[in-house]
Structures are given as structure tokens and as C-alpha cells.
Amino acid sequence: MKMLISFLSGLVFGLGLLISGMNDPQKVRGFLDIFGAWQPELIAVMGAAVVVFFVAYRFGLTRKQPVFSDVFHTPVLTQINIRLVMGAVLFGVGWGLVGLCPGPALVDVFSFDASVMWFVAAMLVGNRLAHYFVGPTK
Amino acid sequence: MWDEIAGGLLIGTAAAILWLGIGRISGMTSVLSSVFAWAEAKRRWAYFFLAGLVLAWPFYQVLGYEPVIHITTNQPLLIVAGLLVGFGTYIGNGCTSGHGVCGMGRLSVRSGVATVTFIFAGMITVAVMNFFETSQIVGVQP
């Protein structure tokens, strides 16, 4: 059941990215182009998603455990440190260069577009480089 | 505008399904890292999430729609950007989904700081690239 829930969540997440146009790098770069031809529409994607998850999370707080698992795996990190900010800056620069963040990049794999493939491959390498040279957050 | 809202509602619903269903945060960065951790049973859910995510494209086509993408970035820049995104999201413990949607939805200050930072960094990057392009100092393709 956990597997089915995970699969379903991934599928719905992917459809949301496709319907919203968040999977199109050109649209994302238009959103980031605040000093140029700014296209602010994508704010609505994050806004709507945050509101739904806010409600779901609040509801979850009233429950002892998830429906198909024993425990809510609530994130434990709360520190705001140089590692967090450096990570966000590096990610933001990479995001701005192409217009792809991890979710949309993965959703676009089935386009079989060579550019997407190069980006995803490099993203996986970047993830492993950070894992081996920096390591997980303690 | 309605497409963006509908898509956002679906993304929020997907995050809600995973949280209330199995108590996991739907963060793409953790999904990426979990791909390399098959041996850890507690992270295996990510494989099924990833399968659903990737199959959304063909499923969308079955529903009668055709997804579109426009990328004009040259290959060296694609690779640099991919490395930065993979590396940055790993050390920052999240991206647009984990920090931007779930973290913000939990009202996490840490995620708020991360989200504002990466959006701002992205905006500066696009602005700098456009500046170089319009002033034709170097031939950067947008």
C-alpha cells in the first residue's frame, strides 16, 4: 500500500507540474525574469500548492499517525546556517541558467529531449559529488 | 492563470497524499538522493514516487494533451546548471518541492529562508544572463 500511495503521489505531482507549465524551462525563466519581461503567473502554482499542503499538514497534526504508516517523518532540521544558504544560492543559480529544478527535470525525462537528458545526468552527478565530498547534514 | 492554479492544487494534493498516507515529505531532492540508497528500505518509497512522477508525461499524453518544453541553452551550460542544481539542492537539503511547497506549508522558517534565497539567486542569474545577451558582450544563449 505504501508503494501504491507513493506511486500515486508521484503521478499526481507530475501531472500538476505539466498542467501548470512549470515543466517548461522557458516559462520558469520568464517567471525569474523580474527585471525584464516578467511573467508572474507561476506564483499561483506555488501559492496554491502551499495552501493545500498547509491544510493537510495542520490536519495531520490532529492525527497520531499517517493512514498507511506508523509515524509522520517530520523534518528535524531547523537551523539556518551557511550550508543552507550556500546550497540555496548554488541551486538558484543553476535553476536560473536553464529554468529546470529537480521535479520538472525528472518529469521531462519522457520528452527524450537531449538537453533534458544532459541536465538530469549532470544533476545526478552533482548530487553524488555533494554526497561524497560534503556528506549528509548531521 | 487557471492552469497554474489547477496545477498548484494538484501538486499540493500530491504532497498531502504522501504526507497523510505514509508520513513522508514529497521533496524531489530526497527522491534524487534515495535513488542511490536502494539498500535502505525506509527510503524505497522514493522509487515508486519517482516512477509515478516520470510516467506523468506519457499519462498526460494518454489523456489527450501534449506537453511542451522550450530549451535553447547550449550543452556546456546545461551541464554546469545540472551540476549546480544537483550539488546545491543536496547541501541545502531541498528544492522547490521540499522547501518551497512542503516547508513553506509547514511554516518552517528554515525553508522560508531557503526558498527566498534560491528564487532571488535565480532572478539575479536570469537578469545577468539577459544583460550579457542584450549588450552582446558574450554570446550567452538564454
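The values are calculated or read from the model by the stated rules, or taken from the named source; none is laboratory data. A quick note: this is a predicted structure, and the numbers were derived from the prediction, not measured. Ideal geometry is used to build each Cβ from the backbone, glycine not excepted, and the neighbour counts take in all protein chains shown.
The one condition from (1) crowded, with 24+ Cβ neighbours inside 10 Å; (2) touching a residue at least 12 places away in the same chain (Cβ under 8 Å); (3) within 22 Å of residue B:107 (Cα to Cα) that residue A:137 does not meet is (1). Selection of segment A:69-91 for residues being at pLDDT 95 or above and in contact with a Leu (Cβ under 9 Å, 6 or more places away or on another chain) yields A:72, A:84, A:90, A:91.
Restricting attention to segment A:86-115, the residues that are without any contact (Cβ under 8 Å) to a residue 24 or more places away in the chain and more than 7 Å from chain B (Cβ to nearest Cβ) add up to 3. For the residues A:22, A:1, the requirement of being surrounded by fewer than 19 Cβ atoms within 10 Å (Cβ to Cβ), in contact (Cβ under 8 Å) with a residue 12 or more places away in the chain and either within 7 Å of chain B (Cβ to nearest Cβ) or under 30 Å from residue A:70 (Cβ atoms) (or both) singles out A:1. For segment A:34-42, the criterion of being assigned to a helix (DSSP H, G or I), at the interface with chain B (Cβ under 7 Å from one of its Cβ atoms), free of Cβ contacts under 8 Å to residues at least 60 places away in the same chain and among the charged types (D, E, K, R) is satisfied by at least one residue. Here residue A:78 fits the description: without any contact (Cβ under 8 Å) to a residue 40 or more places away in the chain, outside any helix (DSSP H, G or I), within 15 Å of residue B:107 (Cα to Cα) and within 7 Å of another protein chain (Cβ to nearest Cβ). Counting the residues of segment B:23-76 that are β-branched (Val, Ile, Thr), under 22 Å from residue A:29 (Cα atoms), facing another protein chain (nearest Cβ under 7 Å) and not in a helix (DSSP H, G or I) gives 4.
With the requirement that a residue be of a type outside the set (Ser, Thr, Tyr), at the interface with another protein chain (Cβ under 7 Å from one of its Cβ atoms) and surrounded by 24 or more Cβ atoms within 10 Å (Cβ to Cβ), what does segment B:92-104 give you? Answer for segment B:92-104, where residues must be of a type outside the set (Ser, Thr, Tyr), at the interface with another protein chain (Cβ under 7 Å from one of its Cβ atoms) and surrounded by 24 or more Cβ atoms within 10 Å (Cβ to Cβ): B:92, B:93, B:95, B:100, B:101, B:102. For segment A:85-95, the condition holds for at least one residue, the condition being that it is under 22 Å from residue A:15 (Cα atoms) and part of a helix (DSSP H, G or I). Do we have any residue at all in segment A:127-138 that's within 26 Å of residue A:17 (Cα to Cα) and either hydrophobic (A, V, I, L, M, F, W, C) or not in a helix (DSSP H, G or I) (or both)? Scanning segment A:127-138 turns up no residue that is within 26 Å of residue A:17 (Cα to Cα) and either hydrophobic (A, V, I, L, M, F, W, C) or not in a helix (DSSP H, G or I) (or both).
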